[in-house]
Each structure stands twice: as structure tokens, then as C-alpha cells.
Amino acid sequence: MALKYVQEYRDGELARQLIAAIGDIEGKKMRLMEVCGTHTMSIFRHGIPSVLPDSITLLTGPGCPVCVTAQRDIDIFVALSMVPEVILTSFGDLMRVPGTLSSLQQEKARGRDIRVVYSAFDAVKLAAENPHRQVVFCAVGFETTTPTVAASIMVAQQQGLTNFSIHCAHKLTPPALAALMETPGVEIDGFLLPGHVSVITGTGAYLPVFDQYKIPAVIAGFEPVDILKAVLMLVRQNVSGVPALENAYPRAVCDKGNPKALAVMDQVFKKADTVWRGIGMIPASGLVLREGFNRFNALEKFDIQAGDAPEPAGCACGDILMGLKKPDQCKLYKKRCTPMNPVGPCMVSSEGACAAFYRYG
Ligand code: SF4
């Protein structure tokens, strides 16, 4: 099936053929997990769970960058916003995530200088325009976002800016897949791998996880036909008993990914253990600045002390991110927790499972 235009990836007849093909080989119960916030939204928006056989359960994994950001990092962002000379810059999704005592939105209402930006480069530009202020960027996201943050740091260095820094809460996708496979109680029969992340990492980045766990895995695009095609491939692998690492998004993803983006990332960051919301510490699943770039580390620059922070009481984001619960199995869902009054990040982020479930489920 070689498609060319976006409309073809939304074609109803093609989608019906794929649904029929999935239905023809249904029977075996299987739990398939996507690990990408854009997949979460697309799956709910297009009603994909409702057209699949009952035997197939689609799970939402740790793929929403805001949702996986640990409570400690949210508290650090809030603490940085309170430093008088700081202009804190952040993606919009982070603003309403409740920290232990406050959120960025609440601090902005109290008069802190917090600005929503669309890229780390906007923050660098702000630093150049405000030489007497300190501009800090809240760096969250996966391999998709990290290269641009790395590039922005290199630009700041080239410009000799001494008033730009970041707090790095970046995460890497493959170690999270391995962590899920090692978590007792987590049952996954296949991964729908993230398209955006894979554009940067390439198919090869998943090989170590695939070789170790031999779990069906398919990289998918974001249109309904993309997703149904990937689900069909996962179902076929499960039924045949022959797991494979396949690429159903070849129009954007190749084996080696984007070498330039990977090189920039590697130049600025190195791997480190990091804590994921709900999942806990995953070895070598995060990034920290390399020694040569330490002056861009906001934590050191402003001497912010941050200990572990408990997640909001009653919030089941962690279980949802591991496929152990659906949003409506959280006791707070639609009661104390709504998009207007979120308790956890999964209800805040536009890519969060609870927000998607609330809107489309
Ligand atoms: S409904 Fe709210 S409290 Fe419950 S898991 Fe989702 S974000 Fe957390």
C-alpha cells in the first residue's frame, strides 16, 4: 500500500479494509501500547478503539512529555520562576501542571515573569534582548524536542550569552520500553512506536530493546490509516508468533534517523538516570548537560535545592502511563479532576491520556 497524499491516509475505504483485515484475524486477546502523545490524541480523536475487535485493547503508555515529567521537576520549574531576576520560559502545556505547592500558571498570576514560548530558540532570543535578566527554559520532551534545545544552547554559546540556561528534564524513549517490560504486572503484546521520535532516532534505536524482549513493535505515523496499518501488522505478528521490529512510517522514518540531530544532541547532552512520573527511576533514560555546557545548567546557576516530591494524592497517572489503568478507573476522574481543574498532568496536557479520554472517550 504506497500512499502519497495526507487525504489518502484519512481515506474511509482504506480504513474500512484495514479494519476488516484486523477483524478477519482477531480472536487472540492482545494489549497493544502506544508511547506517543500524538498517537494518544489521534487514536481517541478518530475513535479507533471503537472500530477494533473487543479482543484488542489499546493502551496509552509513557509518551506524553508533560505527563512523564516528575513532580520534582515541576517543583524546580516553579522554584526557578520565583528567582527575582529570572524570566522563566516554557511550553504552554507545562503551565497548568500542579506542582506540590503551586503551578507556573499560579505563579504567573502572582506576578512572576513566566512566558510561553514555542521553541528554545525563542528563549535564546529573549535572553539576547534582555541582557540584564536571566532567561531560563524549561526543557522537557523526548528525542523529538531535544535536538532543538541542544542547538539553542550551541547558539547561546556562539553568541556569548551568559544569561541563558535550562533545567533539563528530557527523556529517552527506548529505556522506558525496557522498563515497562521489566515492571511486574505490566502486560503488553506489542508496541506502536512513536513516529516523531523515530524520525530522529531511526528504527535502529529500538533494536537493543527488541533483541532483548522479542516483543512485536511497529513504528507508526499519525493518520487513521497509518495507525490501523500498524495495528494490523502488530496483530499479524502476534497471531503468527513471529515478533519483528517493523517500520510502517517509511515516508518519514529510516534506519539511521537524523544523524545531524543526533550529533547535536550528543554534543550537548549525555545520558543519565532519571525519574519518570509514576514509573520511578529508569537507568540512562534521561539527559544532562555535558561538562563543557555546565554554565547553562539553571539548577547550578541559581543553587535550587530540590528533593523528591510525592505525586498528587489519588492521582493514577503513573498506573495509566504503564497501561495498568484506564483514565476512568481513576477515582478522581471527572470528579475532583477535570480539564478546568486538573489534579495530575495527564488531565492537563493536550496529549495526556485523561484529557483525551475526557474529550473523546
Ligand atoms: S483523572 Fe486526574 S487525578 Fe486521575 S489519573 Fe488522570 S490526571 Fe491523575
**Asked** Condition test on residue 93, is it under 18 Å from the mean Cα position of the chain (by Cα), modelled with pLDDT of 95 or more and closer than 26 Å to residue 316 by Cβ?
**Response** no
**Message:** Here is a check on your reading of the model: is residue 309 exposed (fewer than 12 other Cβ atoms within 10 Å of the Cβ) and either without any contact (Cβ under 8 Å) to a residue 12 or more places away in the chain or within 16 Å of the ligand (Cβ to nearest atom) (or both)?
**Reply:** no
**Request:** Taking residue 323 as meeting all but one of (1) away from the ligand (no atom under 16 Å from the Cβ); (2) over 14 Å from residue 168 (Cα atoms), write down the number of the exception.
**Result:** (1)
**Request:** Return the only residue of 80, 94, 104 being closer than 22 Å to residue 147 by Cβ and buried (at least 20 other Cβ atoms within 10 Å of the Cβ).
**Result:** 94
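Go through the stretch 339-354 residue by residue and tally those that are more than 8 Å from the ligand (Cβ to nearest atom) and either more than 15 Å from residue 68 (Cα to Cα) or of a type in the set (A, V, I, L, M) (or both). Please lay out each step first, then the result.
Going through the stretch 339-354, the residues more than 8 Å from the ligand (Cβ to nearest atom) turn out to be 339-341, 349-351.
Keeping just the survivors that are either more than 15 Å from residue 68 (Cα to Cα) or of a type in the set (A, V, I, L, M) (or both) gives 339-341.
Residues flagged as more than 8 Å from the ligand (Cβ to nearest atom) and either more than 15 Å from residue 68 (Cα to Cα) or of a type in the set (A, V, I, L, M) (or both) within the stretch 339-354 amount to 3.
Could you check, for the stretch 55-62, whether at least one of its residues is touching a Phe, Trp or Tyr at 6+ places or on another chain (Cβ under 7 Å) and among the aliphatic types (A, V, I, L, M)?
Looking for residues that are touching a Phe, Trp or Tyr at 6+ places or on another chain (Cβ under 7 Å) and among the aliphatic types (A, V, I, L, M), one finds none in the stretch 55-62, hence no.
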**Prompt:** Can you pull out the residues in the stretch 239-275 that are surrounded by fewer than 19 Cβ atoms within 10 Å (Cβ to Cβ), of a type in the set (S, T, N, Q) and not in a loop (DSSP other than H, G, I, E, B)?
**Reply:** 240, 267
**Prompt:** Does residue 298 qualify as being away from the ligand (no atom under 13 Å from the Cβ), at negative phi, buried (at least 20 other Cβ atoms within 10 Å of the Cβ) and small (Gly, Ala, Ser)?
**Reply:** yes
**Asked** From the set of residues in the stretch 326-338 that are in a loop (DSSP other than H, G, I, E, B) and within 21 Å of residue 180 (Cα to Cα), which is farthest from the ligand (Cβ to nearest atom)?
**Response** 326
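The values are calculated or read from the model by the stated rules, or taken from the named source; none is laboratory data. Since the model is a prediction, treat every value here as computed from it, not as a measurement. When we count neighbours, we look across all protein chains shown, and the Cβ atoms used for this are built from the backbone with ideal geometry, even at glycine.
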